[in-house]
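Working notes for the structure below.
The values are calculated or read from the model by the stated rules, or taken from the named source; none is laboratory data. These figures come from a predicted structure and were not determined experimentally. All Cβ positions, glycine included, derive from the backbone under ideal geometry; neighbour counts span all protein chains shown. Each accessible area value is taken on the protein alone, full model and side chains, heavy atoms only, with ligands, DNA and RNA left out. Shrake-Rupley method; radii C 1.70, N 1.55, O 1.52, S 1.80 Å.
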Amino acid sequence: MSPAFGAMEVEHYSKGVLLEPFVHQVGGHSCVLRFNDKTICKPLIQREHQFYETLPTEMRKFTPQYEGVVSVSFEEDEDGNLCLIAYPLNGDHDNLENLDNSDCEPKSKLLRWTNKKTMLLENEKISKEWVRQHRKEEKMKSHKLEEEFEWLKKSEVLYYTVEKKGNVSSQFKHHNPWSMKCHQQQLQRMKENAKHRNQYKFILLENLTSRYEVPCVLDLKMGTRQHGDDASEEKKANQIRKCQQSTSAVIGVRVCGMQVYQAGTGQLMFMNKYHGRKLSVQGFKEALYQFFHNGKYLRRELFESVIKKLTELKSVLEKQESYRFYSSSLLIIYDGKERQEVAVDSDPEDLEDLSEESSDESAGAYAYKPTASTVDVRMIDFAHTTCKYYGEDSVVHEGQDTGYVFGLQNLIDIIKEIRDESGE
């Protein structure tokens, strides 16, 4: 359990927390934001909120921990940039006790520019020409943003060379295209609705990547059906088409997004959902192989842990009556930064310079030994989940979600094939 807030921390949060893009988001269209190192937040969808609040106990280890609800609004900084700010919901601080607020980004910058802007408006009359120019610049920014989104859509697989002297994890912030895309789209939506509303509810969830130095993340869209029971005919037809034209219809799973750090080549690789939809079953298998490959060799030590957790999840879902996890995803996460062991008599100062080049067993005093990395397997995105316990649903399903279980079994089989084909 996270430590409780102190009085000063609660006061700090009540003034607003500046939300930042969550740099490890690799799939989905809903914007995910960083609240602090251990917590992320996303727009509240009532059905997903209900799922987290009524979650069966046996499923909790396979989903992010739910940590409450916050109110989010947007404000402009002195440069005209929109910022998303989180506040306690309805001024209620009771729900803050479970959150560690020590590393939240304060709203201090916004408080400073607000005072400055007020003085500017009082002492200087802004001309109509300036206003027209400002609006023109805003339109240009919006047009440029649309062009960037089109470019991102076309660039389905991207590679970035990591700066050797820099911190690898910090470079995700500058390179993850999908995170930037979702964040900018969220800001644009909220700006367009500014005349009607400026407060939104967001749910707080556990940041599943926080334990990893360089998170490698695979987002898999699970199941043979993606549309919810409440989908319009147009939406239903669109989702059915996507399934039929991808591996979803054949094996019940498709790639929705991926980020991998390849230490051997010093590159970050990103794959988006548009590429994932085009993959054949063989292409899907090759994508999985690529996810577990670090640029030098296959991370074989990860396989048994992944297979064990997927098998356990399958067993849990086979016992869930009536649940349907339409359009939900499954995340597989591991650390791309492997631990290295050095000789006992090595100079401590040399440890800072230990690099991937020293991975050869014959590299002098430095002897590399791969250690079994912790692998996480979690279900996410429950906006279209349904269950007979949701009283307002007109359609009630019986038995297990066979499409999801079918996808899990095929995923397990394919990972086993990769393991066996790449034997010692």
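Observations
- Residues whose placed amide H lies under 5 Å from that of residue 267, excluding near-sequence neighbours: 162, 262
- What the phi angles of region 67-76 give under the Karplus curve with 6.51, -1.76 and 1.60, with θ = phi - 60°, is a coupling list of 10, x, 10, 10, 9, 10, 10, 10, 9, 9 Hz, glycine and proline written as x.
- Site pair residue 211 and residue 79 shows an inter-label distance of 3.7 nm when each label is modelled 7 Å from Cα along Cα→Cβ.
- Pairs with C-alpha atoms separated by more than 27 Å, drawn from the list 38/201; 61/236; 181/309; 235/278; 314/337, are 61/236; 181/309; 314/337.
- Taking a point 7 Å out from the Cα of residue 53 in the direction of its Cβ, the residues of region 189-210 whose backbone N falls within less than 15 Å of it are 201-204.
- Dipole axis of region 174-292 (+1 Lys, Arg; -1 Asp, Glu on Cβ), positive-most option in 265, 283, 228: 228
- Filtered GluC sites (Glu not before Pro), region 187-272: DSSP coil and at most 16 other beta carbons within 10 Å: 213
- Accessible-area ranking of 57, 265, largest first, probe 1.4 Å: 57, 265
- R0 of 51 Å, Cβ-Cβ distance residue 409-residue 45: FRET efficiency to nearest 0.05: 0.95
- Residue-wise HN-Hα coupling along region 402-418, computed from phi with Karplus coefficients 6.51, -1.76, 1.60 (Hz; x: Gly, Pro): 5, x, 5, 4, 4, x, 4, 5, 5, 4, 4, 4, 5, 5, 5, 4, 4
- Ligands, DNA and RNA aside, residue 240 has an accessible area near 60 Å² when probed at 1.4 Å.
- Full-extension gain in nm, residue 192 to residue 240, via 0.36 nm per residue minus C-alpha separation: 14.2 nm
- Computed from the C-beta positions of residue 420 and residue 374 and an R0 of 25 Å, the FRET efficiency is 0.60 to the nearest 0.05.
- Sequentially through region 321-334, phi angles give Karplus couplings (6.51, -1.76, 1.60; θ = phi - 60°) of 7, 6, 5, 10, 9, 4, 6, 7, 10, 10, 9, 10, 10, 8 Hz, Gly and Pro residues having no value and appearing as x.
- Note on residue 15 and residue 282: their simple-model spin labels are 6.2 nm apart, each label 7 Å out from Cα toward Cβ.
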